[in-house]
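Let me begin by presenting the structure, written as structure tokens, before commenting on it.
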Amino acid sequence: MSVQSTTALLLGAVALAAGVFWAATVPLQARLKAAQVEQAALVAEATALQGRILDLSAMGEGAGLPTELLLIGSSRVEAAAALQERLVSLAQAHNLLVASVGDATGPEGLSHPSAAVVIEAAGSQEDVIRLLAALEAQSPPIGLGQLMIRRQGAGQLSLRLLAWGLLPEEAG
């Protein structure tokens, strides 16, 4: 073999090896590029989440709950009295006969101070339904617990429920 044919043969082998190398690495390069794009998106998302965590932490420090969620009153007693007045007024406005109203304790497990009231009343089924709808629409919101409804005869119901609301931290 001549030097020229050996050189051509070596050049062909190098070109073939380069082609095989290129063919093998192009899909890997595409996967690498996709992984880099995904990593950049994840880093941006992590940065945004860290910012949100800092914002929420700053909101939680001393901010407490929004005032529109809290009962009005400078003490638990005042807030409970105001809640009693609201419940009695609502019951009477919906044609219910109030049998009794009394102080109670809020649900267990609350991390925020609360005031609670138990009310017993009687009226027609429609009146009880309208009262419950009115309670649901109250602002600040009133939580309901231990709701008991009993039929008393021809369309009449008796109602007993525990109503509660959250207090400002300083009122607890």
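Compute the long axis of helix 76-93 from its Cα atoms, compare it with the longest principal axis of the Cα atoms of the chain, and write down the angle in degrees, 0 to 90, nearest 10.
With rounding to tens, the tilt is 70 degrees.
Can you sort 85, 68 by how many other beta carbons sit within 10 Å, fewest first?
Ranked by crowding around the Cβ, least crowded first: 68, 85.
Count the net charge of all other residues whose Cβ sits under 13 Å from the Cβ of residue 80, scoring Lys and Arg as +1 and Asp and Glu as -1.
-1
How long, wide and thick is the chain, going by the Cα atoms along their three principal axes, in whole angstroms, largest first?
Sorted largest first, the three principal extents are 118, 44, 24 Å.
Within a 10 angstrom radius of the beta carbon, how do 22, 164 rank from fewest other beta carbons to most?
Going from sparsest to densest Cβ surroundings: 22, 164.
Relative contact order (percent) for the stretch 37-172, with alpha-carbon contacts under 8 angstrom and 6 or more residues of separation?
Values: 211 pairs, mean separation 37.8, N = 136.
It comes to 28 percent, rounded to a whole number.
For the stretch 1-63, divide the Cα radius of gyration by the Kirkwood radius and give the resulting Rg/Rh value with two decimals.
Checking Rg against Rh, the ratio lands at 1.63.
Bear in mind that the values in this text are calculations on the coordinates, not laboratory data. Quantities reported herein were computed from a predicted structural model and do not represent experimental measurements. Reconstructed Cβ throughout: ideal geometry from the backbone, glycine too, with neighbour counts over all protein chains shown.
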